[in-house]
Amino acid sequence: MRNITVSVDCGLRIIILDRPEKKNALDQEMYHDLILALKEAASDEKTFITVITGRGDYYSSGNDITSGADFVSGDLKERINEACILIRNFVNAFIEFPKILVAAVNGPAIGIGVTTLGLCDVVYASDKATFHTPFVPLGISAEGCSTYTFPRIMGTSKAGDLLYFNYKMTAKEAKDCGLVSEVFPDSCFAEKVFGHLKKMVTMPSKSMIFTKALVRRWDVDELRKANEAECERLKERWGSEDFINAVVKFISRRNKL
Ligand code: COA
């Protein structure tokens, strides 16, 4: 796995988004590798709690926008279909993850790096983290089941601000609205989060995992449906002029510098 690093320490599995030079933007290979990493975590008897975090100053800058440029080479429809299947499988890996899944948001999170937080069991954030989902400026639509989870977590209005108006939330706001459980100072973020989780893995694992299953069972069908519907809409949006223009703008912005 080129841009994903995995380690296991006494029941605690750490999955690091390891592409700091691109602010941990998720390209197709990373989606594949993250699906595999989550499957491995789910099937490994020794893994009890899994935590996802980012290397460097960002948690994740979301979907790799330059992947959109690949759509224009080859059969556009086929490429978009493949990309949508990958996103759907990636999000399903979160929905179906049977053990405790924690996100340690070490810095800014964007797009799918934010939406999938609503599918994690516990989210901790550094005080340097911010949260925004620029779907509308990019001409695309929301994914990660955020159309289902966000209104339920934070209320319709705050979810609307995030999903429609590109509002950028601070870590404190994310905690106040329920997206984040606890905020730690950036200077001691890793120490606090991993110190805490190392204590949690000493507790009876079955009790925690069975409780998660009881919590998740009420929503699992709805989450799968939300994921399907969001991916269908994305399929249409990724082929739209709005998105193609946004990709060209992003790439040409880079080339001008
Ligand atoms: N997709 C592809 N590349 C990305 C990326 C993304 N989502 N986010 C960052 N990068 C790349 C940049 O192109 C740049 O690459 P380069 O060094 O080869 O030119 C590198 O990561 C560093 O980013 P840079 O823009 O120089 O850093 P910055 O601190 O000025 O800005 C961001 C960081 C994240 C604010 C900015 O890169 C950005 O807006 N990225 C797009 C985020 C986005 O819209 N994601 C999709 C959500 S649906």
By the scheme Lys and Arg +1, Asp and Glu -1, what is the net charge of all other residues having a beta-carbon under 13 Å from that of ILE80? 0
Using r as the Cβ-Cβ distance of THR211 and SER43, and R0 as 22 Å, what FRET efficiency do you calculate, to the nearest 0.05? 0.60
Bridge orientation stat for the chain from DSSP, antiparallel percent rounded to 5, came to 25 percent
Here FRET efficiency (C-beta to C-beta, ASN166 to GLU191, R₀ 30 Å, nearest 0.05) is 0.35
Cα-based shape type of region 19-116, given that a ≥ b ≥ c are square roots of the gyration tensor eigenvalues and the cut on a/c is 1.5: oblate
If you average the sequence gap of Cα pairs under 8 Å that are 6 or more apart and divide by the length of the chain, what percent do you get for the contact order? 20 percent
Pick from ILE112, ILE14, ILE85 the residue whose mean-square fluctuation is largest in a GNM of the chain, springs joining Cα atoms under 10 Å. ILE85
In what order do THR115, THR66 fall by count of nearby beta-carbon atoms within 10 Å, going from fewest to most? THR66, THR115
Could you pull out the pairs from LYS22/LYS168; LYS23/LYS128; LYS39/LYS128; LYS175/LYS225; LYS22/LYS46; LYS22/LYS172 whose alpha carbons sit more than 24 Å apart here? LYS39/LYS128; LYS175/LYS225; LYS22/LYS46; LYS22/LYS172
Per DSSP, loop trypsin sites (Lys or Arg not before Pro) in region 1-100 with at most 16 further Cβ within 10 Å: ARG2, LYS46
If you take the square roots of the eigenvalues of the alpha-carbon gyration tensor of region 123-257 and sort them as a ≥ b ≥ c, do you get rounded (a/c under 1.5), prolate (a/b over b/c) or oblate? oblate
Using DSSP H assignments, which helices in the chain have an axial alpha-carbon span of 20 Å or above and a mean Kyte-Doolittle hydropathy of -0.5 or higher? 28-43, 76-95, 241-256
Connecting every pair of Cα atoms under 10 Å apart in the chain and solving the GNM, the largest mean-square fluctuation among ALA109, ALA213, ALA25 falls on ALA213
Quick check: residue separation of MET1 and THR202 times 0.36 nm, minus the Cα distance between them. What number comes out in nm? 69.5 nm
To the nearest 20 debye, what is the magnitude of the charge dipole of the chain about its Cα centre, counting +1 on the Cβ of each Lys and Arg and -1 on the Cβ of each Asp and Glu? 440 debye
Once the other residues with Cβ under 13 Å from the Cβ of THR133 are scored (Lys, Arg +1; Asp, Glu -1), what is the net sum? -1
Where both residues lie in region 70-202, what percent of DSSP beta bridges are antiparallel, nearest 5? 20 percent
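Laboratory data are not the source of any read-out in this text; all were calculated from the coordinates shown. Here the structure is a predicted model, which is why all the values come from computation and not from measurement. Note that we place each Cβ from the backbone using ideal geometry, even for glycine, and neighbour counts take in every protein chain shown.
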